[in-house]
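See structure below.
The values are calculated or read from the model by the stated rules, or taken from the named source; none is laboratory data. All values reported here derive from a predicted model rather than from experimental measurement. Cβ: placed from backbone, ideal geometry, glycine included. Neighbour counts: every protein chain shown. Remember, those area values only see protein heavy atoms, side chains included, never the ligands or the DNA or RNA. Shrake-Rupley method; radii C 1.70, N 1.55, O 1.52, S 1.80 Å.
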Amino acid sequence: KGYALLLTSSDAGEGKSVTSANLGIAFAWTGKRVLLVDADLRRPNLHNALGEKNPERGFTQLLLGEVGSWREILQHSKYENVDFLPAGKFVYEASELCSQSKLLELKEDWARDYDIIVLDSAPVGRIVDTAMIARGCDGILLVSLHGKSSLPAIRHALRRLEGTNVLGFCLNAIDMPHGRGHQYGGYYGYKWRYGLYSYYYYYSS
């Protein structure tokens, strides 16, 4: 209970926000209480993946002390058992307040209400904030975009994450095979209906 899983990538545009949202919803389908946290303080995108808005007050303002409690900024998503903490308005000072001790304090509080906390963070290969937040999490999942992520960039990201519990990788946006596998194309044809659940919809748009 209260397991904190952080998703990051080596670079921007590798699909970690949609992966975070889909993973959180998948956990919720198993009956888990899930908290999704947009911890990408510079370029938040998790709210878009969830079909929500990013308000002026969010996780950034919580770190700054402008919000007394995380419950004040908590949003109930349209998905059962999934709650959401938006990033809020970015200010440069917020990244300096990202620390292992602060996150562990919040995690202890979140664990009273949630089974799993999924944090969508900034690309660790570019932003130092993520490496600091990662040290307060139980596990790290590195999202890589098929055909885009380079091996040197992934190695650089892993060096940034030294001392954390990197569980493994999510290889994103793999092209479906043709030939005998053509029948799977029918599932991707439902992108207009599934929306968030369709990786094809995300990358084609």
Scan (1) free of Cβ contacts under 8 Å to residues at least 60 places away in the same chain; (2) surrounded by fewer than 19 Cβ atoms within 10 Å (Cβ to Cβ) for the single condition Glu108 breaks and write down its number.
(1)
Please find, within the range 68-102, the residue that is most open to solvent (accessible area, probe 1.4 Å) out of those that are among the aliphatic types (A, V, I, L, M) and closer than 27 Å to Ala28 by Cβ.
Leu74
Looking at Arg135, Arg155 in this structure, which one is open to solvent by 80 Å² or more (accessible area, probe 1.4 Å), in contact with a helix residue (DSSP H, G or I) (Cβ under 8 Å, 6 or more places away or on another chain) and either of a type outside the set (Phe, Trp, Tyr) or at pLDDT 50 or above (or both)?
Arg135
Taking only the range 110-150 into account, find how many residues are within 20 Å of Phe27 (Cβ to Cβ) and small (Gly, Ala, Ser).
5
Checked the range 32-79 for anything among the acidic types (Asp, Glu) and either within 15 Å of the chain's Cα centre (by Cα) or closer than 19 Å to Ser121 by Cβ (or both); matches are Asp38, Asp40, Glu52
Tell me, yes or no, whether the range 49-56 has at least one residue that is touching a residue at least 60 places away in the same chain (Cβ under 8 Å) and among the polar types (S, T, N, Q).
no
For Gly31, indicate whether it is farther than 23 Å from Gly2 by Cα and in a loop (DSSP other than H, G, I, E, B).
no
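Let me confirm something: among Leu46, Leu64, which residue is among the aliphatic types (A, V, I, L, M), surrounded by fewer than 18 Cβ atoms within 10 Å (Cβ to Cβ) and on the phi < 0 side of the Ramachandran plot?
After ruling out the rest, the residue left standing is Leu64.
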Lone unmet requirement of (1) on the phi < 0 side of the Ramachandran plot; (2) touching a residue at least 12 places away in the same chain (Cβ under 8 Å) for Gly88
(1)
